[in-house]
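Below is one structure; the comments refer to it alone.
The values are calculated or read from the model by the stated rules, or taken from the named source; none is laboratory data. The model shown is predicted, which means the values in this text are computed figures rather than measured ones. With ideal geometry, Cβ positions are generated from the backbone for all residues, glycine too; neighbour counts draw on all protein chains shown. With ligands, DNA and RNA removed, areas are computed over all heavy atoms of the protein, side chains included. Shrake-Rupley method; radii C 1.70, N 1.55, O 1.52, S 1.80 Å.
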Amino acid sequence: MLHFGALEAGGTKMVCAIGNAQGEILERMSLPTREPENTMPEILAFFRERDVACLLYTSPSPRDGLLSR
């Protein structure tokens, strides 16, 4: 089965998720945003332990609303 990875990188937390082609979220993990050398190993381990076809990355910002107008 084809699975997709998603990473939302925010200022206070990082959210990693695995979903399928039907749009169902199969697994989700949230961890606090810390220094990259502490945060990235956990994120990489989450995705490396799962068979994902691709990874979507998003980083919300105050500008998001301006870009959608």
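Which value, in debye to the nearest 20, describes the size of the charge dipole of the chain about its Cα centre when Lys and Arg Cβ atoms bear +1, Asp and Glu Cβ atoms bear -1, and nothing else is charged?
Dipole of the chain, to the nearest 20 debye: 240 debye.
Add -39500 (n - 2.57) for each DSSP H run of 4 or more in the chain, then divide by its residues: what number comes out at 222 nm, to the nearest 500 deg cm²/dmol?
-7000 deg cm²/dmol
Which cross-chain or sequence-distant (5 or more) residues have an amide H under 5 Å from the amide H of Met14, H modelled 1.01 Å from N in plane?
Here the answer is Leu31, Thr33, since their amide H atoms fall under 5 Å of that of Met14.
Would you indicate which of (i) 13.0; (ii) 12.6; (iii) 13.6 is the value of Kirkwood radius over Cα pairs in Å derived from the coordinates of this structure?
Computed from the coordinates, Kirkwood radius over Cα pairs in Å corresponds to (i).
Please give the residues of region 3-42, grouped as numeric ranges, whose backbone N is less than 18 Å from a label point set 7 Å along the Cα-to-Cβ vector of Leu56.
Output list for this probe position: 3-10, 14-30.
Looking at the chain only, what percent of DSSP beta bridges run antiparallel? Nearest 5 please.
Roughly 75 percent of the beta bridges in the chain run antiparallel, per DSSP.
Please give the per residue accessible area of the chain, computed with a probe of 1.4 Å over protein heavy atoms only, in Å².
The answer is 73 Å² per residue.
From the phi of every residue in region 29-40, what ³J(HN,Hα) in whole Hz does the Karplus formula 6.51 cos²θ - 1.76 cosθ + 1.60 yield, where θ is phi - 60° and glycine or proline is x?
9, 10, 9, x, 6, 10, 4, x, 5, 9, 7, 4
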